[in-house]
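The values are calculated or read from the model by the stated rules, or taken from the named source; none is laboratory data. Predicted, not measured: the structure shown is a model, and the values here were computed from it. Note that we place each Cβ from the backbone using ideal geometry, even for glycine, and neighbour counts take in every protein chain shown.
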Amino acid sequence: MAALLAGSAMAFGAAPGTAQANDGYDLWLSPAAAPAASPDIRVIGDSATLKLAAAELRRELTSSPLPIVLGKADAPDLAGLRLPLAGLGAEGYLVRPATIAGRPALVVTGNTDAAVLYGAFAAIRAQKMGADLAALDISSAPKVKLRVLNHWDNLDGSVERGYAGQSLWDWWTLPDFKDPRYADYARANASLGINGVVLNNVNASPVSMREDYITKAAALAEVFRPWGIKVYLSARFSAPIELGGLKTADPLDPEVRAWWKAKSDEIYRAIPDFGGFLVKANSEGQPGPRDYHRSHADGANMLAAAVAPHDGIVMWRAFVYAETDPDDRAKQAYTEFKPLDGKFADNVLVQVKNGAIDFQPREPFHPLFGAMPKTPMMLELQVTKEYLGFATHLAYLGTLFEEVLEADTRAKGKGSTVAKVVDGALEGHRLTGMAGVANIGRDRDWSGSTFNQANWYAFGRLAWDPTLSAEIIAREWARQTFGNDPQVVDTAVAIMMKSREAVVDYTGPLGLAHLMDTGHHYGPGPWVNELARPEWNPTYYHKADRDGIGFDRTRTGSNAVSQYAPAVARQLADPRTTPETELLWFHHLPWDWKMKSGRTLWTEMVAHYDRGVATVAQMQAQWNGVKGKVDAERWSKTATYLAIQHREARWWRDASLAYWMSVNGRALPAGSAAPEHDLAWYKAQRFPLAPGQGH
Ligand code: GCV
């Protein structure tokens, strides 16, 4: 019932930008209600996807200076136009005026139905950004083939690192009940070009591949299909034991191989366009091929062989580290995977997080990018804000994503950016992918806050084209979300563009990372040092003592810098040439180290913490300036969340400084406020019920 209400309430949603209530359900799109007037639209062809494309244009556009004609390039009336579609592949679109049967029209076309749908969304986006449809001439093809959301959703409805309510998937009522929200979700993804969804957590339950759950997944696939979206499943490596009753999951065992082949065949019978498997193996307690002394390539290739006859793929995660390995955690994935370059089957992508540790507010790019030229490297970004203040802190991640995509690996000389590794341009790979760990749940606004929706949006737009600018994406999103008032749009963009750096400043400036409290990752815990695995403790990462702070990853330390291409390694080997934003990631330095500003390291650190808190206060003031210009519901929720963020930024700053002072015995620079409480108070805080914890 709730779901039905959700669907129908959408029909009455307020238009973006009005000062009425708006619960955010419509995201950056328009409400379902048909506009009073709609343009003249002709669809050539009758597929479900083309119908959706036409419905979107009707719903989103109130007028068009030209009649609109939609259809595949080879459709009657369009084929004769000889439009330049050859370079657009299966998903690229073309939108331009043309004369059809003697009448001028705006043509929306592509080589497949999905491409036409993307073209329709592009036309809508362009019009909302102020373009004149009569003069529109746009064409675009995705630079990345697999643009996939990873849901860390459990079968009981909880979401690991989810801060937007329960899972969207109601596994209990599937396959019978197809909540209208599933189609609304698919529509939002399609508007960005997202073409794949991994339904279940990488910490996977074998039950996801049980017959009844395959039927449930098939029901979702059916809803998503017309929107151009394939479903994928996270596979638990030991499923042949748990589901199949075998004694082993050894990837070279013939019975195990046969089990996976039969299981894949079964899945493809239910879901003919099933995308394939995502696997977390031998990581944080998950089973994997290393349990049988086999390599990650052995494991991936076994699954790849099972899905290859169906054109399926395997996304094999490189997020591995072991408590038995005393080496720097930041080095372990590279050490394990680099020697496997060239050993993976053609339909395997190695999925690599943006940084070598774990989605910190800032990390240097992962050294595996550029280091495995023979292997397609799929970039994994975290859209949900596990380490950036959950749903309550405003942190626009477009800038974080842009920073990693623009990072230069120097693998093949200057300009070998992570974007070029990921989109295949550097090595000529055609199988390419980008994954985003979703921030989507059953909250009415899907992502836990209005501004979190922008992170979903930014992921989708960058997966389509990793060279887009974060600022342009922010502007696009703000205009579609809030309407055309320039003051509102400028304010939203200004807030967004500084927001992530503010989080870096108040949680861990100058390359510090992994300082949060245990388990829930909510709030500061730089003092934590008693956890079983050394690399789970913040003290492992900052190594602060009376004399200095930071992780020496040069030759005198773990030598992680040697995993980068020589030009990058040389730069990072010297603290004077290392970017100060990454200084303490790579170097252990005395508290009196002279920074470029002329200040000591300690004084500079304090200045960053202070700046982080001050930036949030500025963001609050800017948001107050658009009160009454944004609908009251979204305005006041955002204002309340900014107040929470300000309080918690202060908490992060105070707790961190109290701890650093207890270690270095130094006073705060003049003018910097003393922490509100003593260190013992901060240490005593407990949050057993914080959301999103794994279980
Ligand atoms: C899904 C981090 C998170 C875990 C997550 C893991 C991963 O460690 O805290 O919740 O598990 O990354 O990416 O596999």
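Descriptive notes on the structure:
- Filter pass, ILE495 being touching a helix residue (DSSP H, G or I) at 6+ places or on another chain (Cβ under 9 Å), part of a helix (DSSP H, G or I), buried (at least 23 other Cβ atoms within 10 Å of the Cβ) and on the phi < 0 side of the Ramachandran plot: yes
- The residues on offer are PHE359, PHE390, and the sole one that is within 14 Å of the ligand (Cβ to nearest atom), out of contact with any strand residue (DSSP E or B) (no Cβ under 8 Å at 6 or more places or on another chain) and at positive phi is PHE390.
- Residue within region 77-85 that is part of a loop (DSSP other than H, G, I, E, B), closer than 24 Å to PHE224 by Cα and among the hydrophobic types (A, V, I, L, M, F, W, C) present: no
- Looking only at region 510-532, and only at residues there that are closer than 20 Å to GLY355 by Cα and touching an Asp or Glu at 6+ places or on another chain (Cβ under 8 Å), the one that is farthest from the ligand (Cβ to nearest atom): LEU510
- Search result, residues across region 149-189 that are closer than 20 Å to ARG210 by Cβ and either aromatic (Phe, Trp, Tyr) or outside the structural domain of VAL202 (by TED's automatic domain parsing) (or both): TRP152, TRP169, TRP171, TRP172, PHE177
- Matching residues, region 60-75, being buried (at least 16 other Cβ atoms within 10 Å of the Cβ) and part of a loop (DSSP other than H, G, I, E, B): LEU61, SER64, LEU66, ALA73, ALA75
- Residue that is surrounded by the most Cβ atoms within 10 Å (Cβ to Cβ) [pool: residues in region 582-616 that are part of a strand (DSSP E or B) and either touching a residue at least 40 places away in the same chain (Cβ under 8 Å) or under 33 Å from the mean Cα position of the chain (by Cα) (or both)]: LEU589
Every residue, every condition in (1) farther than 27 Å from ALA649 by Cα; (2) crowded, with 24+ Cβ neighbours inside 10 Å, yes or no:
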site	(1), (2)
GLU363	no, no
ALA371	yes, no
MET377	yes, yes
THR392	no, no
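- Region 148-164, subset surrounded by 23 or more Cβ atoms within 10 Å (Cβ to Cβ) and in a loop (DSSP other than H, G, I, E, B), residue nearest to the ligand (Cβ to nearest atom): TRP152
- Selection count, region 146-186, where residues are within 18 Å of the chain's Cα centre (by Cα) and under 24 Å from LEU29 (Cα atoms): 14
- Filter pass, ARG546 being assigned to a loop (DSSP other than H, G, I, E, B), surrounded by 22 or more Cβ atoms within 10 Å (Cβ to Cβ) and at pLDDT 95 or above: no
- In region 617-644, the residues that are charged (D, E, K, R) and surrounded by 15 or more Cβ atoms within 10 Å (Cβ to Cβ): LYS629, ASP631, GLU633, ARG634, LYS637
- Qualifying residue in region 667-678 (condition: free of Cβ contacts under 8 Å to residues at least 12 places away in the same chain, at positive phi, not charged (D, E, K, R) and not assigned by TED's automatic domain parsing to the domain that holds SER158): yes
- Residues located in region 405-436, provided they are surrounded by fewer than 24 Cβ atoms within 10 Å (Cβ to Cβ) and either within 16 Å of the ligand (Cβ to nearest atom) or in a helix (DSSP H, G or I) (or both): GLU406, LYS420
- The C-beta contact set for region 260-279 (first residue more than 18 Å from LEU349 (Cβ to Cβ), second residue among the β-branched types (Val, Ile, Thr), distance under 7 angstrom, 6+ apart or interchain) comprises GLU266/ILE214; ILE267/ILE214; ALA270/ILE214; ALA270/THR215; ILE271/VAL231.
- Total residues in region 123-147 satisfying the condition of being of a type in the set (Gly, Ala, Ser) and either surrounded by 24 or more Cβ atoms within 10 Å (Cβ to Cβ) or touching a strand residue (DSSP E or B) at 6+ places or on another chain (Cβ under 6 Å) (or both): the figure is 2.
- Residue check for VAL207: more than 24 Å from the chain's Cα centre (by Cα), under 23 Å from ALA281 (Cβ atoms) and either surrounded by fewer than 24 Cβ atoms within 10 Å (Cβ to Cβ) or touching a residue at least 60 places away in the same chain (Cβ under 8 Å) (or both): yes
- Of all residues in region 366-392, those that are touching a residue at least 40 places away in the same chain (Cβ under 8 Å) have Cβ atoms under 6 Å from Cβ atoms of residues that are within 14 Å of the ligand (Cβ to nearest atom) and among the basic types (Lys, Arg), 6 or more apart or on another chain, in GLU380/LYS353; THR384/ARG161; GLU386/ARG161.
- Sole exception among (1) within 16 Å of the ligand (Cβ to nearest atom); (2) within 20 Å of GLY508 (Cα to Cα) for GLY692, by number: (2)
- Qualifying residue in region 111-119 (condition: in contact with a helix residue (DSSP H, G or I) (Cβ under 9 Å, 6 or more places away or on another chain), modelled with pLDDT of 95 or more and among the aromatic types (Phe, Trp, Tyr)): yes
- Among the residues listed as ALA345, ALA330, ALA306, the single one being surrounded by fewer than 22 Cβ atoms within 10 Å (Cβ to Cβ), of a type outside the set (Val, Ile, Thr) and either more than 24 Å from the chain's Cα centre (by Cα) or in a helix (DSSP H, G or I) (or both): ALA345
- Pair list, Cβ < 8 Å and 6+ apart or interchain, from region 323-343 residues that are on the phi > 0 side of the Ramachandran plot to residues that are surrounded by 14 or more Cβ atoms within 10 Å (Cβ to Cβ) and at pLDDT 95 or above: GLY342/THR375
- Test: residue in region 656-663 that is of a type in the set (Gly, Ala, Ser) and under 30 Å from THR450 (Cα atoms): yes
- Tally of residues being loosely packed, with under 13 Cβ neighbours inside 10 Å and modelled with pLDDT of 95 or more across region 679-695: 2
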